[in-house]
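A quick write-up on the structure given underneath.
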Amino acid sequence: GGHSHALLLKRWAIRPALRPDRQVLLINRSSTTLYSGMVPALIAGIDAAEDVAIDLRRLSDRAGVAFVQAEITGLDSVNHHLHLAGRASLSYGLLSLDVGAVSKPSCPGIPIKPLEPALRFLAQQDPESASPFRVIGGGAAGVEVVLALRRRWPRRRLQLQTRPHQPNPLERQILNKASVEVVHQPQIGDALPLLCTGSRGPLWLSESGLPVDQDGRLRTDGCLRVEGTDRIFASGDCAVISWAPRSASGVWAVRAATPLAYNVEASSRGRNLRRWSPQRHALQLLGDQQGRAWARRGAWQLRPARLLWHWKRHIDHRFIEGLRQPAPMATG
């Protein structure tokens, strides 16, 4: 139920003839999934949960795909079985995995992924507490989340714990303007921080015997097929192209949707697959949740501006609305 698969379903809803001529199932632990690009706005209180949710059951129905609500617990790639919590295993002829990632356990705290428990944890916090609330992680996720919390809790003291070289000078200025304290020393006391310390593939992927990298992400070829297999594909945060590794990001999950769709369709029909060559860097738009956004692509950056905020909001709303009212998607 990740972003790549949501776009795959959209494609089949628009062009049913592209859907493989066999029974197709989508398995996800819940009937909705949150669009990652709008999660900071959800945390900030700008958007409601229903505004950022993708209705997988409805999207599956429009695409002619059966939806199965279940938690995946394991994979037997030898006998082609997918193990599910509390129910019988399912056999597969062709499998595409877009199961997301979980936060790396770096220290005691509440991981940002999976999102649902993290959102419940934040809802339980006292916005007027005199004690500081700490977010750990100086990457894009940590910066965006702590800025979202500043919008959510205007008066509470906020800290972002990073490595000494993080974040970059521009982001330090943005955080300073938002009255977010950047710290490098571990937290003292029993208060639980929110962990935005990078991600890894779900543990059951590495336990499956399939090839994974150091972060437990499935290693694939350029056709998004898991190395050493001929019937398992993978994309999004749970996978990495071996010869072109990219950091986990919703940007790459969206970009992978069209090549994944083409190759799943081609594989099901016995046609040749196409190799995908993703660009080295992608443009990121990051919001301060106060009406400005900044842009970065590799080492290049643009300072926060209202125009970039409106552009980001337009892109995000267009994406989510496109999954509710499908518009044509390139057939690749």
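The values are calculated or read from the model by the stated rules, or taken from the named source; none is laboratory data. Computed from a predicted model, the values in this text were never measured in an experiment. Because the Cβ atoms are built from the backbone with ideal geometry, glycine has one as well, and the counts that use them run over all protein chains shown. Quick note on the areas: whole protein, heavy atoms, side chains included, nothing else; ligands and nucleic acids left out. Shrake-Rupley method; radii C 1.70, N 1.55, O 1.52, S 1.80 Å.
Run K177 past the list (1) surrounded by 14 or more Cβ atoms within 10 Å (Cβ to Cβ); (2) within 25 Å of the chain's Cα centre (by Cα) and report the number of the one that doesn't hold.
K177 satisfies every listed condition except (2).
Go through S89, S106 for me and flag whichever is within 24 Å of the chain's Cα centre (by Cα), surrounded by fewer than 16 Cβ atoms within 10 Å (Cβ to Cβ) and polar (S, T, N, Q).
S106
What about L302, is it open to solvent by 20 Å² or more (accessible area, probe 1.4 Å) and outside any loop (DSSP other than H, G, I, E, B)?
yes
Could you tell me whether A85 is among the hydrophobic types (A, V, I, L, M, F, W, C), modelled with pLDDT of 95 or more and farther than 27 Å from D21 by Cα?
Spelling it out, A85 is indeed among the hydrophobic types (A, V, I, L, M, F, W, C), modelled with pLDDT of 95 or more and farther than 27 Å from D21 by Cα.
Go through the stretch 146-172 and give me each residue that's open to solvent by 10 Å² or more (accessible area, probe 1.4 Å), in contact with a strand residue (DSSP E or B) (Cβ under 9 Å, 6 or more places away or on another chain), in contact (Cβ under 8 Å) with a residue 12 or more places away in the chain and assigned to a helix (DSSP H, G or I).
R150, L170
Only one residue in L260, L307, L286 is among the hydrophobic types (A, V, I, L, M, F, W, C), open to solvent by 40 Å² or more (accessible area, probe 1.4 Å) and outside any loop (DSSP other than H, G, I, E, B). Which one?
Unique residue meeting the criteria: L307.
Somewhere in the stretch 238-248, is a residue under 16 Å from D98 (Cα atoms), in contact (Cβ under 8 Å) with a residue 60 or more places away in the chain and assigned to a loop (DSSP other than H, G, I, E, B)?
yes
Which members of the stretch 207-237 meet the condition of being in a loop (DSSP other than H, G, I, E, B), open to solvent by less than 40 Å² (accessible area, probe 1.4 Å) and at positive phi?
Scanning the stretch 207-237 gives G216, L224.
Going by what's in this entry, would V99 be described as at negative phi, in contact (Cβ under 8 Å) with a residue 12 or more places away in the chain and part of a loop (DSSP other than H, G, I, E, B)?
Criteria met by V99.
Looking at this structure, is V78 closer than 21 Å to S268 by Cα, at pLDDT below 95, among the aliphatic types (A, V, I, L, M) and open to solvent by 20 Å² or more (accessible area, probe 1.4 Å)?
In short, yes.
Just to be sure I understand the filter: pairs with C-beta atoms under 7 Å, separated by 6 or more residues or on different chains, first member in the stretch 199-228 and farther than 26 Å from G139 by Cβ and among the charged types (D, E, K, R), second member in a strand (DSSP E or B) and open to solvent by 50 Å² or more (accessible area, probe 1.4 Å). Which pairs pass?
Hits for this filter: E227/R219.
Residues in the stretch 20-44 that are farther than 23 Å from V251 by Cα, open to solvent by 30 Å² or more (accessible area, probe 1.4 Å) and touching a residue at least 60 places away in the same chain (Cβ under 8 Å): how many?
Adding up the residues that qualify gives 3.
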